[in-house]
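Taking it in order: structure first as structure tokens, then the write-up.
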Amino acid sequence: MVQVRGGVEAFYAHPSVADEEFPVGTIVVVVEYFPPRTVYVARALV
């Protein structure tokens, strides 16, 4: 779920690095967006 325009929307998220996996609840950052609902993500440095 991604916070967008004051709401929350669902996207199909894929890792930006092949074969990388993220456990549920991992905070990520969107690296690329492909309309209508696909994003590539990387682990956020928190």
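Using DSSP to call loops (not H, G, I, E or B), can you name the trypsin sites (Lys or Arg not before Pro) in the chain whose Cβ has at most 16 other Cβ atoms within 10 angstrom? Filter output for the chain: R5, R37. Extension gain for F11 to T26 (0.36 nm times residue separation, less C-alpha to C-alpha distance): 3.9 nm. Of the options [x] 3.6; [y] 4.7; [z] 4.2, only one is mean projected area of the Cα convex hull in nm² as computed from these coordinates, and that is [x]. Karplus-based coupling profile of region 6-20, in residue order and whole Hz: x, x, 10, 10, 9, 9, 7, 9, 10, x, 6, 10, 3, 6, 7, with θ = phi - 60° in 6.51 cos²θ - 1.76 cosθ + 1.60 and x standing for Gly or Pro. DSSP assigns beta bridges within the chain; of those with both partners inside it, close to 70 percent run antiparallel. In this structure the amide hydrogen of H14, modeled in the peptide plane, comes within under 5 Å of the amide hydrogens of V39, Y40, V41, none closer than 5 places in sequence on its chain.
FYI, it's all coordinate maths here, none of it is from the lab. Note that the structure is predicted; figures quoted are calculated from it, not measured. Every residue, glycine among them, receives a Cβ derived from its backbone with ideal geometry; neighbour counts consider all protein chains shown.
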